[in-house]
1. Can you tell me which residue is modelled with the lowest pLDDT among those in the range 63-116 that are small (Gly, Ala, Ser) and assigned to a helix (DSSP H, G or I)?
2. May I ask you to verify whether Asn83 is within 30 Å of Ser124 (Cα to Cα) and open to solvent by 80 Å² or more (accessible area, probe 1.4 Å)?
3. Residues of the range 1-25 being open to solvent by 100 Å² or more (accessible area, probe 1.4 Å), in a helix (DSSP H, G or I) and among the charged types (D, E, K, R), which ones?
4. Taking the options Arg46, Arg22, name whichever one is out of contact with any helix residue (DSSP H, G or I) (no Cβ under 9 Å at 6 or more places or on another chain) and among the basic types (Lys, Arg).
5. Just to be sure, is Trp28 aromatic (Phe, Trp, Tyr), at pLDDT 85 or above and either surrounded by 10 or more Cβ atoms within 10 Å (Cβ to Cβ) or outside any helix (DSSP H, G or I) (or both)?
Amino acid sequence: DHVEAKRHKGLLNKAAMKMFMRKQAMGWEAWAAYHLWLLNKKKAMRMWMQPMLASGFNGWRDSIENMKYNRRKMTQVLAKIMNMKLAAAFTSWMSYVQMCFDERNGVNLDRAVERVEALESENSKLR
């Protein structure tokens, strides 16, 4: 029984030592993370205190923002152009269908042709 108690005491000491070591490791890791954060903060402060570095960084950041803005605007312009071409194609198709209906219903063909030509000239202005 004495041997068993000694064995349990040894196991408990071993577990306590592991917990103690884990807490020490966690403390060390927390301190190391704080120290790294502090170094990064000091580095950033030095960078902002040096005007040449700060102006270079700000210029780079502004050029990136400007590039993103231009890309968005070009995408919007391209979408508008594509929509205009689609609208022109749809309008000319509608005029053709209307002309076919007019022909089928006996409406004056000359008037229908003039109408189609007028729409085509308007569509060519949009292109």
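1. That would be Ala112.
2. When the stated conditions are applied, Asn83 passes them.
3. Listed by number, the residues that qualify are Lys6, Arg7, Lys9, Lys14, Lys18, Arg22, Lys23.
4. Exactly one residue qualifies, and that residue is Arg22.
5. Yes, satisfied.
The values are calculated or read from the model by the stated rules, or taken from the named source; none is laboratory data. Quantities reported herein were computed from a predicted structural model and do not represent experimental measurements. All Cβ positions, glycine included, derive from the backbone under ideal geometry; neighbour counts span all protein chains shown. The area values use the complete protein model at the heavy-atom level, side chains included, leaving out ligands, DNA and RNA. Shrake-Rupley method; radii C 1.70, N 1.55, O 1.52, S 1.80 Å.
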